[in-house]
Amino acid sequence: MSEIKLGRVLIEGKTKIVYELTETPGQVLLQSKDRITAGDGAKAHNLEGKAAISTATTSAIFELLNNAGIKTHFVKRHSDTSFIARRCEMIPIEWVTRRIATGSFLKRNPGVREGYRFCPLKLETFFKDDANHDPQWSREQLIEAKLNVGGVTIGRDEYEILAKSTVTIFEILEKSWASVDCSLVDMKIEFGVQSDTGELVLADVIDSDSWRLWPAGDRRLMKDKQVYRELKDVTPEALETVKRNFAWVAERVALLSPKPHARVVVIMGSPTDTGHCEKICAACRQYGVPCEMRVCSAHKATDEALNILAEYEGEGIPTVFVAVAGRSNGLGPVLSGNSAWPVINCPPLSSDWAAQDVWSSLHLPSGLGCGTVLSAEAAALNAAQILGLSDHVIWSKLRASQLNSWIGLKMADKKVRKD
């Protein structure tokens, strides 16, 4: 652990302390406590080891989200019980996303059965006010409150950005937990305004206090804080069970960010097309998709093309082939006709042969199903979307990229309206 100089305490809550960092302006240190609470602090106990478990969980989740492309305050883990983050002014709203109806939702909505599945997700907002038990706010109440945080007024545009971000974050974590056969039932998160940029970012912590997790989708196996909430007698043995559950979560969080077990193989008919193929590979890497390049002509070396195909199919790694060939494109159709893997044609268009290049890729014999995409970036995106069906890491990058594009357009629209 590197030495850092702690400044004044900026805020102290029930389960954490936030310190100013004197040598790195714009950053803070979040120190977790060995403390567990419920019911706005009405129920509280010391739980030795919880701070380390919470920090491990939070750090892994924020690293997963950062890697996907979600904007957060998280910088790096500092110690077993603390991490460094960008300083934010916190927006006093809890954003709750629900996939399955349970808990307080059932009390507020009598007649809804436990287990009712929300499609699309149910989004709720609660104003942070312990004295009044965090009252639920509607979209209209939140917008009309005109909360000013860090110089940013939370209006309609900001609400919509935060709402869409909340749903995207839930979807990414839901996919991630599903990869280890665990259902993310609901989750609460908070956002802040980054002090030096004014950006809206995911902030605070995300750990076993933040969600409901049901292994194999079975409520009886829940591993979240609900176990603590439902304890009638809080004995040392019961607290140890809660701690083991939290540790179980922390161990599995480390499994949520594997390296992608998928790839794109770009096969070009001629080495003169290398520049075009390098653009495809560069775009693939933006989505975390490994990409390889090969050279082979379906016309001049058909046997070698089939050998290359067999080589990749034999490895059993999910693969999308991108065929780069123009004029008379036999490469894509030959690959498609001899493989069960998806094939995308991406001809290297030239001013002299553009019409022929496109036509030779589009006009296929019967029984062939390779699609045609004209830009290198679009071919990579198409391949990533195919691979994202079975790889949640790639899917998460795609989802975050869509969110960031949407936010960019929303902010551009706001600027135009102001100008």
Return the carbon/sulfur percentage of the accessible area of segment 127-178, one whole number, probe 1.4 Å, all protein chains in place.
-> 48 percent
Starting from the amide H of residue 149, placed 1.01 Å from N in the peptide plane, find each other amide H under 5 Å away whose residue is 5 or more places distant or on another chain.
-> 154
Binned Cα-Cα distance frequencies in segment 67-109 - 10 Å width, integer % | 18, 31, 29, 21, 1
In sequence order, calculated HN-Hα J values of segment 407-419 (Karplus, 6.51, -1.76, 1.60; Hz; x Gly/Pro) = 5, x, 5, 4, 5, 5, 4, 5, 5, 5, 5, 6, 5
For the chain: relative contact order, % (alpha-carbon pairs under 8 angstrom, 6 or more apart) | 12 percent
Using the Cα atoms of the chain to build a convex hull, what is its mean projected area in square nanometres?
-> 26.3 nm²
Segment 80-197: proportion of alpha-carbon pairs further apart than 26 angstrom, % | 28 percent
Using alpha carbon positions and the Kirkwood radius, the Rg to Rh ratio of segment 237-327 is 1.32
With eigenvalues of the C-alpha gyration tensor scaled by 5 and rooted, segment 174-294, Å = 43, 20, 10
Which cysteines does the chain leave without a neighbouring Cys Cβ under 4.7 Å?
-> 88, 119, 182, 277, 296, 346, 370
For segment 5-75, the accessible surface attributable to carbon and sulfur atoms (probe 1.4 angstrom, ligands and nucleic acids excluded) amounts in percent to 49 percent
Which value in deg cm²/dmol, rounded to the nearest 500, describes the helix-derived mean residue ellipticity at 222 nm for the chain, given -39,500 (n - 2.57) per DSSP H run of n ≥ 4 and division by the residue count?
-> -12000 deg cm²/dmol
For segment 3-10, 3J(HN,Hα) per residue [Karplus equation, 6.51 cos²θ - 1.76 cosθ + 1.60, θ = phi - 60°, Hz, x = Gly/Pro] | 7, 9, 9, 7, x, 6, 6, 7
Expressed as a percent, the accessible surface of segment 277-367 that is carbon or sulfur, using a 1.4 Å probe and the full set of protein chains, is 53 percent
Send over the per residue convex hull volume for segment 286-388, Cα only, as a whole number of Å³.
-> 100 Å³
Which FRET efficiency value, to the nearest 0.05, do you get for residue 134 and residue 311 by plugging their Cβ-Cβ distance into 1/(1 + (r/R0)^6) with R0 = 45 Å?
-> 0.20
Would you please give the residues with an amide H less than 5 Å from that of residue 128, counting only those at least 5 places away or on a separate chain, with H modeled from the backbone geometry?
-> 93, 94
With the 1.4 Å probe rolled over protein heavy atoms, the chain has an accessible area per residue in Å² of 48 Å²
Can you list the residues, at least 5 places off or on another chain, whose amide H is less than 5 Å from the amide H of residue 16, using H built in the peptide plane?
-> 33
If you plug each phi of segment 226-232 into the Karplus form 6.51 cos²θ - 1.76 cosθ + 1.60 with θ = phi - 60°, what whole-Hz ³J(HN,Hα) values come out, in order, with x for Gly and Pro?
-> 4, 4, 5, 4, 8, 5, 7
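The values are calculated or read from the model by the stated rules, or taken from the named source; none is laboratory data. Everything numeric in this text was worked out from a predicted model, so none of it was measured. A quick note on method: Cβ atoms are made from the backbone with ideal geometry, for glycine too, and the neighbour counts reach across all protein chains shown. Keep in mind that these areas ignore ligands, DNA and RNA; they rest on the heavy atoms of the full protein, side chains included. Shrake-Rupley method; radii C 1.70, N 1.55, O 1.52, S 1.80 Å.
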